[in-house]
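See below for the structure under consideration.
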Amino acid sequence: MASIVRSGTQFAVMGVINNAAASFGVIPLAIMGVLVRAGRFIQMPVLGLGQGILPVMGYNYGARKKTRVAELVFKAALAGSVWTFICWLAVMLFPVQVMSVFSGNKEFLSQGAQAVRVYSLAYFALGLRMVPGFFFQGIGKGFPAMILTATQKHRFPVDTCPDTASLLRVGRAVGSFPYCRCLIFTFRPALDEY
């Protein structure tokens with residue numbers, strides 16, 4: 001169910017984000033497209049890791065091997081965090097070079113260097129953010145998994161889109177993502193009852 005929610009609502013959210021970026025012009029829209037696709041590239045290994053641990057986690061949870069489940073969660077979070085930290089570091093140290101892979105336009109590079117840094121502010125925490133959703137999905141708790149997935153990827157970016165423009169002084173669409181990546185950590189304690 002969590003995967004259906006993730007895929008199903010992403011279309012609508014990206015429509016809102018693209019409209020916000022397009023209101024700033026063609027270059028910001030192109031930058032937003034690059035940022036989203038580059039973000040998906042960074043997320044792919046973490047998603048693969050999460051999908052890979054689901055059956056093992058479910059089996060061990062069913063066998064009441066909670067130590068093994070905790071070990072899986074820890075190792076998945078660690079591996080995902082190492083990957084996303086390396087990507088975050090590369091983006092923070094070499095933003096112009098990262099953006100130059102996609103275009104050599106000077107305006108694109110100057111605006112894109114700032115945008116990629118803002119967009120990537122919370123990349124280092126991506127592995128930590130995604131693993132709890134996979135944990136709930138792996139142990140058969142679909143509702144908390146769905147809530148975590150929906151809030152971090154879809155609901156918060158749409159809600160915060162107008163708010164972050166004044167806060168970060170960059171395009172609304174770019175600024176809302178790191179804000180949401182951090183905001184999701186405040187939402188997690190509400191799921192402790194599960």
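Bear in mind these aren't lab numbers, they're just calculated from the coordinates by the rules spelled out. Computed from a predicted structure; not experimentally measured. Cβ coordinates were reconstructed from backbone atoms using ideal geometry, including for glycine residues, and neighbour counts include every protein chain displayed.
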TODO: Kindly rank 96-106, 31-41 from highest to lowest mean number of other beta carbons found within 10 Å of each residue.
DONE: 31-41, 96-106
Open item on the list: Applying a 10 Å radius around every beta-carbon, put 44-56, 109-121, 75-87, 126-138 in order of their mean neighbour count, most first.
Closed with: 126-138, 109-121, 75-87, 44-56
